[in-house]
1. Only one of 367, 358 is assigned to a loop (DSSP other than H, G, I, E, B), within 55 Å of the chain's Cα centre (by Cα) and not β-branched (Val, Ile, Thr); which?
2. In this structure, is residue 299 surrounded by 13 or more Cβ atoms within 10 Å (Cβ to Cβ) and at pLDDT 95 or above?
3. Exactly one condition in (1) part of a strand (DSSP E or B); (2) more than 26 Å from residue 361 (Cα to Cα) is false for residue 287; which is it?
4. Collect the residues in region 128-137 that are surrounded by 16 or more Cβ atoms within 10 Å (Cβ to Cβ) and over 34 Å from the mean Cα position of the chain (by Cα), keeping them in residue-number order.
5. Working only within region 15-37, note down all residues that are closer than 14 Å to residue 93 by Cβ and either modelled with pLDDT under 70 or touching a Pro at 6+ places or on another chain (Cβ under 8 Å) (or both).
6. Only one residue in 353, 321 is loosely packed, with under 11 Cβ neighbours inside 10 Å and at pLDDT 95 or above, so which one is that?
7. Of everything in region 96-141, what is in a strand (DSSP E or B), aliphatic (A, V, I, L, M) and at pLDDT 85 or above? Give them in sequence order.
8. Do we find a residue being free of Cβ contacts under 8 Å to residues at least 40 places away in the same chain and not aliphatic (A, V, I, L, M) anywhere in region 113-127?
Amino acid sequence: MMIIGKLGMRVDGIYRLQADDGRAYVRVGGVGVARARLARPFALMPDGEVRLAHDDDGGWIASPIETGAAEPPPVGRVRRLDGGLRIESAPGGYLWSGRVGWHSGGALDLTAYRPVTAGHHAWCVVGVDPASDALIAVTGASQSAALPLLPAGIAAVPFNWGVRVALCAVRLRHGMTALSDDDLTRLDDLAWGDAVSLTGTQTLHSKSLVLTDGVGEIRSSLYSAVRIRPLTTGWEIYGGSGGTRRYRIDGSGHAFTGRVLFDPGTASEPGFALSNDIDTGIYRDNDATLSFSGNGVKFGQIGRFGSWLDAWDSSATNTTVTVFGLRHTTSAAPAAGFGARLAFELESSAGNVRDAAALEAAWVVAADASRRSALRLRAYNGSTAQTGVEIEGGSSVRLGFYGAAPIAQPTITGWSSLTADQKADALKDALVALGLITVT
């Protein structure tokens, strides 16, 4: 018994021509669906008619129906029609914006898409507009037919690749009237595969790309270790040798592995800026130098060419402002001697960095209501700090030199009535008390 059937059926919502075991799906009116072994290899076209017969084991075997003139073989989901420049597309599904779309099939005449310049040829990309299910074509820039059309030129056709689904590329020549099989290049495997490849700047259709937390991911086809994976409350980005996690953002904050690189920036557009004050931040305006800006104006730097700060927003004309400060706080109770120091360190001839000088401020009296402080300028003899000058606050400022305890300004009483020797002795005592001289 021989039965005529049509190829193709929906399986789990997807239009399919063949089962996983290679047998063809054949619809038979009034009977149902059969899975048939192919009598010999031949091109399968959706809704194409085949002849069914039983094989020796009682199963079905499908054979093509021979006609006087063989139909052009399909190129993926598209084939040319005999005569003219018409092509037709078969119905079927495709991956689009992370979801399965459906194309109902169609036909298109490419006459109007031929290059207008004599002696030229060009690539024409044919595909589907998912928004309308329409078969569309876009022709790229033409070139002299003396030069070959390379496959790499297909990507240059302004097809809006991220929005539309490409099925095939067609070589069109000025004045041509018929297509050959060699004029069609298959592209629909891009739409039917399990991944989508995008190059250049793409405009994606206004649909969602849905990924499963911890399972679905966006992956580079060239560098398999580079991928983006969703989490319940954020995202992870992987890269580098072995696909190490480099960045994580979720409800608990941000976590980085490896280096974080920023644009160098400028004073008005710092590379590391604040989201609510984008012209305030850190940038690089010199080799090995970190610079700081506020309201787009540089106010300081740290680096190999020196460090400085500028209170540039001050409007003072005859007063001082705090440009840089040192602060020392403690979890205990401060007492006399509690203070802060600005240390100067230098490299020695042996390559060691050593203490060289210091400027120290410390409490003489730490009680808040009666607080008094001292400022000391120190130099070093080896590892020993030596005080050169000490200034101490009080009802009147006190001074001490060469390590002497600070004293108030010396007063010599009855100067006019003193003899020369008495004046000399009084001056000597004052200078000794200040530490300016010693006597032996």
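The values are calculated or read from the model by the stated rules, or taken from the named source; none is laboratory data. These figures come from a predicted structure and were not determined experimentally. When we count neighbours, we look across all protein chains shown, and the Cβ atoms used for this are built from the backbone with ideal geometry, even at glycine.
1. That would be 367, the only listed residue that is assigned to a loop (DSSP other than H, G, I, E, B), within 55 Å of the chain's Cα centre (by Cα) and not β-branched (Val, Ile, Thr).
2. no
3. (1)
4. 135, 136, 137
5. Hits for region 15-37 are 15, 17.
6. The unique qualifying residue is 353.
7. 107, 108, 122, 125, 126, 128, 134, 135, 136, 137, 138
8. no
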